[in-house]
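Worksheet: the structure to be examined is printed underneath.
The values are calculated or read from the model by the stated rules, or taken from the named source; none is laboratory data. Just so you know, these numbers come straight off a predicted model, no measurement behind them. Ideal geometry is used to build each Cβ from the backbone, glycine not excepted, and the neighbour counts take in all protein chains shown. Quick note on the areas: whole protein, heavy atoms, side chains included, nothing else; ligands and nucleic acids left out. Shrake-Rupley method; radii C 1.70, N 1.55, O 1.52, S 1.80 Å.
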Amino acid sequence: MILTGCQTLQFKDRPKKDDSRIIQSVPQPALPQPPAPEDKPKQPETHTITIREQTIQTPAHLEGRLVLGLNETASLPNLDLTMISKLDTGAENSSVDARNIQLFERDGKKWVKFDLSRTSKGTVPMELPTKGTIRIKRPGLSAIERPVVQLTISIGEITQSVPVSLTDRSQYESPLLIGRSFMQDLAVIDVNQKFIATKLVLKSSNRKVLVPVTQKSYTRAIIKPVSVKGLETIGAIENVLIKNASMILKARIDTGAQTSSIDAKEMELFRKDDKRWVRFKILDTSGDMITLEEPIVRMVRIKRHGDDNDRRPVIKLKTRIDGIKAEAEFTLRDRENYNFPVLIGASYLEKRALVDVSQEYITELSNTELSSTASTKE
């Protein structure tokens, strides 16, 4: 029993079993991992290029007719030449600056030798067969004859073979004058603009930009069509109301003349209120003479071949051509030798009208308009 008791005591004091060597597999929560660095997008390779920007003017059309400016570059394709031209609705035929004109015969036919001046190649000697002559009437001077040749002329999309008279145009800015026979049914004239018959680069500029290497330099076009917005169309001949005289007269629409003119008879210059005035008479359509007195705006000097220069008074008249109302300047002169008592020049048309030489009297002026004007005047 004692042994048993000791043994029991020994077992009682026996140390506990060491469990330190036993590894237990216990699932552990996953620790957060630091984020992987993001891949930065690869920057494309770049380079600097030049962008050329051009503002390009394109021609305009009105009811199928090309709009031409007061001046245009004309080409003579059969002669490989170009010249600056003026569009003149007051002239039936065209004329060109020719010097040293000599008529001669070749193979029994009439020819003409001359120097064609102010072309793209300077002065060019020419020999062409004649198509006859044209007689030019000059008020107060003897009539002259000019030889006529046939020339092919191109302006924009229009190409015409037309008769052209030869004359010394050294006193005029444009060596080539284009008359109505070239424009007929094909063009209308806008005196507000010049050189609008073809595409034209109005402005050009360069700028540099940074772009991907795959992109190359280029030209960007900014299209700007010719505008005729707000302009009325009138014919080659129109009725014009002269409000100062309460009368309607026929007028030739002439883009070749700068200032308008009216047929004035028995002109007398005098002074009134310390200013220059003019008294004159106008013949109306019924054959009656109406006397007007108007202040003189200025005096103009008219150059005339073979005679002294002529000084003429300029006055202002209130007028109306259909929807066009204008107080415009008119030169006073005797127009007895002309077909129309009134000439409407380019300055009258500016910012107001286009001219279509294919038509006449396309505007309207009624007797009611004339009556109301007369009543207002009274």
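In the range 209-364, Rg over Rh equals 1.23, where Rg is the alpha-carbon radius of gyration and Rh the Kirkwood radius from pairwise Cα distances. Over the range 89-166, Cα pairs under 8 Å with separation of 6+ residues give a relative contact order of 26 percent. From the P(r) of the range 131-192, could you give the percentage of C-alpha pairs in the tail past 16 Å? Here the long-distance tail beyond 16 Å is 58 percent of all Cα pairs in the range 131-192. Potential lengthening of the chain between Thr55 and Glu268 amounts to 71.3 nm, from the contour at 0.36 nm per residue minus the alpha-carbon distance.
For the range 81-178, the per residue solvent-accessible surface stands at 52 Å², with DNA, RNA and ligands left out and a 1.4 Å probe. What the Cβ-Cβ distance of Val209 and Val297 gives, at R0 = 41 Å and to the nearest 0.05, is a FRET efficiency of 0.15.
When its C-alpha radius of gyration is set against 2.2 N^0.38 Å (N residues), the range 49-92 gives a value of 1.69. Which FRET efficiency value, to the nearest 0.05, is calculated for Lys137 and Ser347 with the Förster distance at 30 angstrom and r the Cβ-Cβ distance? Working from the Cβ atoms, E equals 0.75. When the alpha-carbon atoms of the range 42-160 are used, the pair Rg, Dmax equals 22.3, 88 angstrom. Expressed as a whole percent, the accessible surface of the range 143-251 that belongs to carbon and sulfur atoms is 50, based on a 1.4 Å probe. Applying the criteria of a DSSP loop state and at most 15 other Cβ atoms within 10 Å to the trypsin sites (Lys or Arg not before Pro) of the range 186-291 yields Lys199, Lys216, Lys229. Model label points for Lys42 and Lys318, set 7 angstrom from Cα along the Cα-to-Cβ axis, are 8.2 nm apart.
Taking every alpha-carbon pair within the range 178-228, the share separated by more than 13 Å comes to 73 percent.
For the cross-link pairs Lys121/Lys203; Lys121/Lys199; Lys272/Lys351; Lys42/Lys216; Lys275/Lys325; Lys86/Lys137, the ones whose C-alpha atoms lie over 25 Å apart are Lys121/Lys203; Lys272/Lys351; Lys275/Lys325.
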